[in-house]
Amino acid sequence: MTTTSSDLRARAAEYALLPLRLFLGITFVYAGLDKLTDTAFLSAAGDGSIAQQMEAVRDSAALPGLVELSSHEPVGFGIAIALGELAVGLGALTGLLTRVAALGGALISLSLWLTVSWPTTPYYYGNDLVYLMAWIPLILAGAPALSLDALLHRRRGRRASGSRRARAGRPNPVAAAPS
């Protein structure tokens, strides 16, 4: 079997987003676990607490009202952010509901950019904006390779082609195959 350059380009395009998925998935899983296991972060007050971090960024945030709203229940908000990061990271890593996970990652990154990273000058030093932009290709394209989404898509395709054959009066070769 001969592999052509167009075959190689197609295969490369299929796997092009995999490094981005792995990086974002590992990073967000790590960030979520780091928050959940940091007792200082999950404190209502004190050095390194989510409450202290909110207080530090409230006046310089693009949306100080968002920080003020979340500061009414800082520990609950910290847990929600950590669980969100964990869910987003696992979704990206496994490629399950990839577009939904990427949208969640983009929203987390957007909220962090508008609050925590907002005063960073010049703007491109703020990493949350970069994460926001990195999620966009996964929102648009999903996870076409090495993902649960792709596996589920292939299985649905096989089932759909089998039911089309049945309606046309042709046997389904997958269903008719001996086990």
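The values are calculated or read from the model by the stated rules, or taken from the named source; none is laboratory data. Everything numeric in this text was worked out from a predicted model, so none of it was measured. Here Cβ is always computed from backbone atoms with ideal geometry, including for glycine, and neighbour counts include all displayed protein chains. Protein only, heavy atoms only, side chains kept; ligands, DNA and RNA dropped before computing areas. Shrake-Rupley method; radii C 1.70, N 1.55, O 1.52, S 1.80 Å.
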| field | Residue check for Ala82: touching a residue at least 12 places away in the same chain (Cβ under 8 Å), part of a helix (DSSP H, G or I), within 25 Å of the chain's Cα centre (by Cα) and more than 20 Å from Gly142 (Cβ to Cβ) | value | yes
| said: Just the residues that are within 23 Å of Tyr124 (Cβ to Cβ) and open to solvent by less than 40 Å² (accessible area, probe 1.4 Å), please, taken from the stretch 58-87. | reply: Ala61, Ala62, Val67, Glu85
| Single residue of Leu33, Leu97, Leu93, Leu138 found to be touching a residue at least 40 places away in the same chain (Cβ under 8 Å), surrounded by fewer than 15 Cβ atoms within 10 Å (Cβ to Cβ) and not small (Gly, Ala, Ser) | Leu33
| task | Starting from the stretch 5-19, keep only residues that are at pLDDT 90 or above, then list their pairs with residues that are polar (S, T, N, Q) whose Cβ atoms are within a distance under 6 Å, requiring at least 6 positions of separation or different chains. | result | none
| task | Just give me the residues in the stretch 114-129 being open to solvent by 100 Å² or more (accessible area, probe 1.4 Å) and either more than 14 Å from Leu66 (Cβ to Cβ) or among the charged types (D, E, K, R) (or both), in sequence order. | result | Thr121, Tyr123, Tyr124, Tyr125
| task | Determine whether Asp38 is more than 22 Å from Val130 (Cα to Cα), in a helix (DSSP H, G or I) and open to solvent by 40 Å² or more (accessible area, probe 1.4 Å). | result | no
